[in-house]
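I have placed the structure first, in the form of structure tokens, so that the comments after it can refer back to it.
The values are calculated or read from the model by the stated rules, or taken from the named source; none is laboratory data. In this text the structure is predicted, and so the values were computed from the model without any measurement. With ideal geometry, Cβ positions are generated from the backbone for all residues, glycine too; neighbour counts draw on all protein chains shown. Calculation scope for accessible area: heavy atoms of the full protein, side chains included, ligands and nucleic acids excluded. Shrake-Rupley method; radii C 1.70, N 1.55, O 1.52, S 1.80 Å.
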Amino acid sequence: MSSTSTHAEVTAADTAGRWPVLLLLASGLGWLVISGIFALIASIQLHSPTFMSACEWFTHGRVSALAETTFVYGWSANAGLGIALWVLGRLGGSTLRAQNWAVIGTLFWNLGITIGLGGIATGDATSFALLELPRYVQPLLVVAYIAIGISGILAWSGRRTEGTYASQWYAVAALFLFPWLLIAAQTMLLWSPVRGVLQPIIDGWYVQSVVSLWLAPLALAGAYYAVPKITGRALPSYEFAPLAFWTLLFVGMMTGGRHLIGGPVPAWIPTLANAACWMVLFHFTVVALNLRGALTGGGTSLTFISFGLLAYLAGAVLDAVTSFRGVALVTQFTYFTTAQQQLALYGAISMLLFGSIYFALPRLIGRPWISGSFVRSHRVLSMVGIFLLVGSLAVAGLIQGTELINAKSTFGEMAERTRPWLLAVSVAQVLLLIGNILVLVNFLRSVCGLWCSGVVSEVGSFRQPTTMEVHAS
Amino acid sequence: MMKNGFFFFIGLLAAFVLGWSSIPLLAHKQLGALTPFYDDGESSSFPTRPPGVAARGQLVYADLGCAACHTQQVRRPDFGSDKARGWGDRQSVARDYIFQVRPQLGESRIGPDLANWGGRKPPVDAAGIAQFLHSGVVSGSKAVSHPPFPFLFDDRPVVGEVAADALVGLVEKSSRRQIVPTERARTLIAYLQSLNNAYEYPEARHVAPAAAKEGAHK
């Protein structure tokens, strides 16, 4: 289906601005593999509690925090920023500016993550969900992020074009908003901590904001750029896109309180979340209408984007449904919540990012992915892996939820009944890990081609779009 | 708004400010000044401050991520089986947590809720908890159903007398070795024993939600 990609040529902006982007994408994929190892350890411990239990660094609580942190701040952040810079550079119509800032920012960001992970493993974690990185790396992260973001903001404000595109809005929003979120959360939780249950309330707000105002916009920026380029058609219902954008920004972060249903917090927090979950469905509907062309297209990028899109929608509906008290009675505090989180982070955001990466890399290096079979294996492994991961967690969660309601059932019985599904989760983690190793190796080998073969392809030497895409099936 | 860079950024900022003030700030306004409840009848106020050793134990609990599998928030008696499982007679309220450095509400119940675990009947004594943390075997069961935390214990030679809190039955007498809880294990055990929010605040009374107003009993 690659014949449809009529705009696949490499532009001057790609060649001149590729190093920061390649660095970000490579770091992201590297972290993804590492986070997969942590996630596998954590998932094995759920059915075999003694696994690596003698090793304090990898006790279940810590290794879960490591997996989550690496996934979000390592993989999603790096990859998402890479895609955002690339999209903003391309749409800005000139070479990416402040590239040195972006490169140095990336190095320090990743240094901060590395030190922070060491801190979590050795006992310095803050114990706040998604804000586990120790206090001493937090300021570094803010500064490094701003250094990376500057490049994108300059590309936006200095753009040569009259109009703007949805992918730009999402990219700029993510670049601009995240430092505010991080600083607000750090201030209220780490520097001058609020008291009592305000901590989980604010942490819950931060977690939701990270997803709604940072990761989802980063992923959407790439998808909104790639889909019309690949299908060669304007996006349908595009006139609603601005409203959908603002809906996500204004309402998205209010949906986080759904995790606090029945908890020791003011009742308006979960009630507000319930209403917000339904309101924000407007955003999801419009995104679905805008990007529906991806579903009928073929090719690697579109397959990933379609999968991501469907997961994005399914996640929103599940969030809305489970934000009702009656449903939360069963699903709350169970693996079902984990399933929803994995559906959002892995099924939606990561798959959308993969789609964008498959689209971007050939244009960055001026040659196709080096191994088509690796691409196809990665595609199959991630789709099967995510189905198995989310599906098994959801089933385990429903079993757990019904057992929890029944006061006669013991935790031993619950562990017994969920065990087969937890084993399936570990299998899924293995599949995903293999797939992610394949995409990392493929990425690095493709980029190495820039030096190794000696022929650095220049603008114009590569104008056959068909060679850009790896063929479907 | 989409074209004009300035207004676009104003819009982004407005989204942040609105979201931030609608949850963190509003909640802070409502709960930030929550005080202990003074009971005239008992001439003392609740909750009481946890002893220092338990407060330090909470940090060990947080560091090891026990909250990955345990909640510390009891739901209302008519919402779920919390009461029937003996996790607490009343629902947890915000006031329960005001003296906690790092409240560990948790989001997952792979294991039981621990909000009132220290007050459960019959209680598990310190030696029992130590044994359980070391081996991962819950009292009354044979299988390892819990992640063990052997690194919270020291395996060291016996010099003079065997330590009073050394674990029993783990090493041969003749080996002259003993397994003793570290300082961290001791604080964690004290913390687990301190977990108990039995006092009935007016806002925790399930039947009369109208009385839930802050300070209704002043």
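Summed over region A:42-63, residues that are of a type in the set (A, V, I, L, M, F, W, C) and within 17 Å of A:Thr338 (Cβ to Cβ) total 4. At least 2 residues being within 15 Å of A:Gly36 (Cα to Cα) is the threshold, and among the helices (runs of 4 or more DSSP H) wholly inside region A:347-453 those reaching it are A:372-405, A:411-452.
Residues that are open to solvent by less than 20 Å² (accessible area, probe 1.4 Å) and either in contact (Cβ under 8 Å) with a residue 40 or more places away in the chain or within 19 Å of A:Leu190 (Cα to Cα) (or both) are absent from region B:9-18.
Residues to consider are A:Leu215, A:Leu272, A:Leu248; find the one that is touching a residue at least 60 places away in the same chain (Cβ under 8 Å) and in a helix (DSSP H, G or I).
Only one candidate passes the filter, namely A:Leu215.
Of the residues making up region A:106-129, none is open to solvent by 10 Å² or more (accessible area, probe 1.4 Å), at pLDDT 95 or above and closer than 22 Å to A:Ala221 by Cα. Restricting attention to region B:90-134 and to residues that are among the polar types (S, T, N, Q) and closer than 23 Å to A:Ser409 by Cβ, the residue that is surrounded by the fewest Cβ atoms within 10 Å (Cβ to Cβ) turns out to be B:Ser108. Considering (1) within 13 Å of another protein chain (Cβ to nearest Cβ); (2) crowded, with 24+ Cβ neighbours inside 10 Å; (3) among the β-branched types (Val, Ile, Thr), the lone condition that A:Thr161 does not fulfil carries the number (2). For region A:52-66, taking the residues that are facing another protein chain (nearest Cβ under 7 Å) and in a loop (DSSP other than H, G, I, E, B), the one that is modelled with the highest pLDDT is identified as A:Thr59. Provide a single number: the residues in region A:84-105 that are surrounded by fewer than 16 Cβ atoms within 10 Å (Cβ to Cβ), modelled with pLDDT under 95 and assigned to a helix (DSSP H, G or I). Counting residues in region A:84-105 that are surrounded by fewer than 16 Cβ atoms within 10 Å (Cβ to Cβ), modelled with pLDDT under 95 and assigned to a helix (DSSP H, G or I) gives 1.
Within region B:49-82, the only residue that satisfies the criterion of being free of Cβ contacts under 8 Å to residues at least 24 places away in the same chain and more than 7 Å from every other protein chain (Cβ to nearest Cβ) is B:Gly52. Just one of (1) at pLDDT 95 or above; (2) open to solvent by less than 10 Å² (accessible area, probe 1.4 Å) fails for A:Pro200. It is (2). Being surrounded by fewer than 20 Cβ atoms within 10 Å (Cβ to Cβ), not hydrophobic (A, V, I, L, M, F, W, C) and not in a loop (DSSP other than H, G, I, E, B) is the filter here, so list the residues in region B:56-85 that pass it. Within region B:56-85, B:Arg56 is the sole residue that qualifies. Would you check which residues across region B:158-186 are open to solvent by 70 Å² or more (accessible area, probe 1.4 Å) and either in contact with a Gly (Cβ under 9 Å, 6 or more places away or on another chain) or not in a loop (DSSP other than H, G, I, E, B) (or both) and list them? Those that are open to solvent by 70 Å² or more (accessible area, probe 1.4 Å) and either in contact with a Gly (Cβ under 9 Å, 6 or more places away or on another chain) or not in a loop (DSSP other than H, G, I, E, B) (or both): B:Lys173, B:Ser174, B:Arg177, B:Glu183, B:Arg184, B:Arg186.
The sole residue among A:Leu91, A:Leu96 that is aliphatic (A, V, I, L, M) and more than 14 Å from chain B (Cβ to nearest Cβ) is A:Leu96. From B:Val137, B:Val144, which residue is of a type in the set (Val, Ile, Thr), within 7 Å of chain A (Cβ to nearest Cβ) and touching a helix residue (DSSP H, G or I) at 6+ places or on another chain (Cβ under 9 Å)? Only one candidate passes the filter, namely B:Val144.
Just one of the numbered conditions (1) at pLDDT 95 or above; (2) more than 14 Å from every other protein chain (Cβ to nearest Cβ) is not true of A:His47: (2).
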